[in-house]
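All remarks here apply to the structure that follows.
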Protein chains: 2
Amino acid sequence: MSPSDVKVLSAWYSLFGVRILIALKAKGVEYEFIDEPDLTGNKSKLLLESNPVHKKIPVLIHKGKPICESLIIVQYIDETWPSQHHKGCFLPQDPYERALVRFWADYVDKKVYEGCILILQNVKGALTKQGRSVVTESMVALDGALRDVFGPGPYFGGDQINLVDIALGSYLCVFETMETLGDFKVLDESTCPHLCAWAEAVAQYPSVKEGLATAPSHKVLEAIRSIRKTFFSLAE
Amino acid sequence: MSPSDVKVLSAWYSLFGVRILIALKAKGVEYEFIDEPDLTGNKSKLLLESNPVHKKIPVLIHKGKPICESLIIVQYIDETWPSQHHKGCFLPQDPYERALVRFWADYVDKKVYEGCILILQNVKGALTKQGRSVVTESMVALDGALRDVFGPGPYFGGDQINLVDIALGSYLCVFETMETLGDFKVLDESTCPHLCAWAEAVAQYPSVKEGLATAPSHKVLEAIRSIRKTFFSLAE
C-alpha cells in the first residue's frame, strides 16, 4: 500500500481530524496529510468535491474514494484495516456492548460538541455560561459511564482504546482552549475522578499521544483565537 | 424467545419508534409495545430508568437491558438477529458501502430532523419558512444520493431495505403533518423524481408498511397538533 493511497484532508488544529490520525496510527496505516488552509473563506476544490454535502473537514480519501464525518471515518478505518498493528478493534464484538460504545461516542458528538461550540463561538457571556454548564454536565455523565458502564479501564475500551476513547480523546487538544476562552476547568477532580485518571492515561496511549502531538494545545488556542477574530468578529 | 424478552418503550406517534418496529418486523422478532403516555409532562419511571441520559423514547429493552437512540437500536437489532426472516441485513458488507449508508442515515438524522422540528415546533412564521427550506434542500440531496450513490433501487438498499430506508422511511408517517403545519409539499415530483418513486415503493415494503400502519398519518397530525397546543402553547 502506497502512503498516497490514504489521504487525510483536514486542518491541523481540528479535533475531528485528530480522530482520524489517532485511528490510522493505531492501525499502523501510513497517510498523506493535506492541510485545508482556509476554512473561513475559500474552501478548496478538493474539499468541495470530496464532501459536497457538508463541505466540512475531515475527509479521508482512500484509493480516490472520499469518506466523510469523523466517527464514520474511524469506523471505516476499523473495518478496512481490522488487524494491522492493533490488538483489537474500536468496537467490541458483542452487539449490546457495541450499542453502548456507539451510544457514548454519539453522546460525545452531541453533548460535548454542543458545549464546546457554545464556548468557542461566543465571547464571555450568556452563551459561554450555557456552554460551561453543558460541558460540565457532559463530563459528569461520561465519568459515570466510565465507572458504571465500561468497567475497570483505564480506557473506555478496557486495556485498549475504543470508539469512545477516540471520540473524547480528540477533545484533549482543545481543553486548554475551552478552559481559557470559557474561563473554567473542563475536568474537575472532585466531580470527575475517573475521567481525570482516564485523560491522563489516554494521553499517553501511543496512537493518541502521536495524534494529539499534531495539534499542540497552546497552538490550537492561538489558531482558534485567530479564527474567532476573523470569522466571528468577536473580541475577547 | 418469549415476546416479553423484547419490549419497545415508545409513543405510538413517534417516527423514531416506528424505526424500531420496522426493524423488528423485518427480522420477524416479536415484541411487546409499551406506550409512554405523557412525554410533555411526567415521564414514566421505566423511561427515566431505561434512558437516564437523554430521557427520550424510543428505548428497546432486550432481556432487561435497555438500548437507546433509534439508529443505534436498529443496528443492535441488525446485529442481534442477523438472519431471521430477512434476506440480508441493514448494512452492506463492504466497508466503503457501509460508510456511505452510515453517512446518509446520519444525514437524515441531522438535516431532515432539523427541518422537521423547525416546522413542527413553530407556528407559521420565520422558523417554519426556514424549516421548509431545510427539508426541501435535504430531499433534493437525498434524491441525488438515491440516483448517484445507491444505484438502481427501488430502495436505498437495492432490492431490500437498509439503514437509510429505515431512517428516512419512518418519516413517511409525519409527511402529512409537516405538509399541513408547514403548508408545503415535502416531496416534489419535479425536483425529487427518484425519491417520489422510492417513497411509493418503500411504503409497500412489508415491514415498512406494517410499521407505518401503527402510526397513521392523519392520527399523527392530530397528536402533534394536540402536543403543540399543550406543550408549546402555540395557536395555529
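A few comments on the model shown:
- Extreme residue, nearest to the other protein chains (Cβ to nearest Cβ), among residues of the stretch B:45-81 that are polar (S, T, N, Q) and in contact with a helix residue (DSSP H, G or I) (Cβ under 8 Å, 6 or more places away or on another chain): B:T80
- Residue within the stretch B:108-122 that is more than 19 Å from B:V208 (Cβ to Cβ), acidic (D, E) and out of contact with any strand residue (DSSP E or B) (no Cβ under 6 Å at 6 or more places or on another chain) present: yes
- Test set (1) farther than 28 Å from A:V101 by Cβ; (2) within 10 Å of another protein chain (Cβ to nearest Cβ); (3) part of a loop (DSSP other than H, G, I, E, B) - B:G144 fails condition number: (3)
- For the stretch B:40-52, the count of residues that are under 18 Å from B:S207 (Cβ atoms), of a type outside the set (K, R) and in contact (Cβ under 8 Å) with a residue 24 or more places away in the chain is zero.
- Among the residues making up the stretch A:160-182, a single one is out of contact with any helix residue (DSSP H, G or I) (no Cβ under 8 Å at 6 or more places or on another chain) and touching a residue at least 40 places away in the same chain (Cβ under 8 Å): A:Q160.
- Selection of the stretch A:192-230 for residues being among the polar types (S, T, N, Q) and either surrounded by 14 or more Cβ atoms within 10 Å (Cβ to Cβ) or part of a helix (DSSP H, G or I) (or both) yields A:S207, A:T214, A:S217, A:S226, A:T230.
- B:E36, sole failed condition from (1) in contact with a helix residue (DSSP H, G or I) (Cβ under 8 Å, 6 or more places away or on another chain); (2) under 16 Å from B:G211 (Cα atoms); (3) more than 9 Å from chain A (Cβ to nearest Cβ): (2)
- For the stretch B:25-78, the tally of residues that are within 14 Å of A:Y96 (Cα to Cα) and aliphatic (A, V, I, L, M) stands at 9.
- Boolean, B:Q160 is within 13 Å of chain A (Cβ to nearest Cβ), of a type in the set (S, T, N, Q) and in a loop (DSSP other than H, G, I, E, B): no
Conditions (1) out of contact with any Asp or Glu (no Cβ under 6 Å at 6 or more places or on another chain); (2) farther than 25 Å from A:D106 by Cβ; (3) modelled with pLDDT under 95; (4) not aromatic (F, W, Y), marked per residue:
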residue: B:V135; (1), (2), (3), (4): yes, no, no, yes
residue: B:M139; (1), (2), (3), (4): yes, no, no, yes
residue: B:P152; (1), (2), (3), (4): yes, yes, yes, yes
residue: B:C173; (1), (2), (3), (4): yes, no, no, yes
residue: B:T191; (1), (2), (3), (4): yes, yes, no, yes
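- Residues of the stretch B:26-44 satisfying the condition of being of a type outside the set (D, E) and farther than 15 Å from B:L163 by Cβ: B:G28, B:V29, B:Y31, B:F33, B:I34, B:P37, B:L39, B:T40, B:G41, B:N42, B:K43, B:S44
- Flag if B:E114 is assigned by TED's automatic domain parsing to the domain that holds B:D183 and more than 25 Å from B:I22 (Cβ to Cβ): no
- Hey, A:R102 crowded, with 19+ Cβ neighbours inside 10 Å, within 10 Å of chain B (Cβ to nearest Cβ) and free of Cβ contacts under 8 Å to residues at least 24 places away in the same chain or not: no
- Any chance A:V164 is crowded, with 18+ Cβ neighbours inside 10 Å and modelled with pLDDT of 95 or more: yes
- Residue within the stretch A:11-29 that is under 20 Å from the mean Cα position of the chain (by Cα) and surrounded by fewer than 13 Cβ atoms within 10 Å (Cβ to Cβ) present: yes
- Among the candidates A:S4, A:S70, the residue that is surrounded by fewer than 23 Cβ atoms within 10 Å (Cβ to Cβ) and either of a type in the set (S, T, N, Q) or assigned by TED's automatic domain parsing to the domain that holds A:Q160 (or both) is uniquely A:S4.
- Which numbered condition A:D109 fails, given (1) more than 20 Å from B:A105 (Cα to Cα); (2) within 14 Å of another protein chain (Cβ to nearest Cβ); (3) in contact with a Leu (Cβ under 7 Å, 6 or more places away or on another chain); (4) of a type in the set (D, E): (1)
- Between B:L120, B:L127, the distinction of being touching a residue at least 60 places away in the same chain (Cβ under 8 Å) and over 29 Å from B:K27 (Cα atoms) belongs to B:L120 only.
The values are calculated or read from the model by the stated rules, or taken from the named source; none is laboratory data. Quantities reported herein were computed from a predicted structural model and do not represent experimental measurements. With ideal geometry, Cβ positions are generated from the backbone for all residues, glycine too; neighbour counts draw on all protein chains shown.
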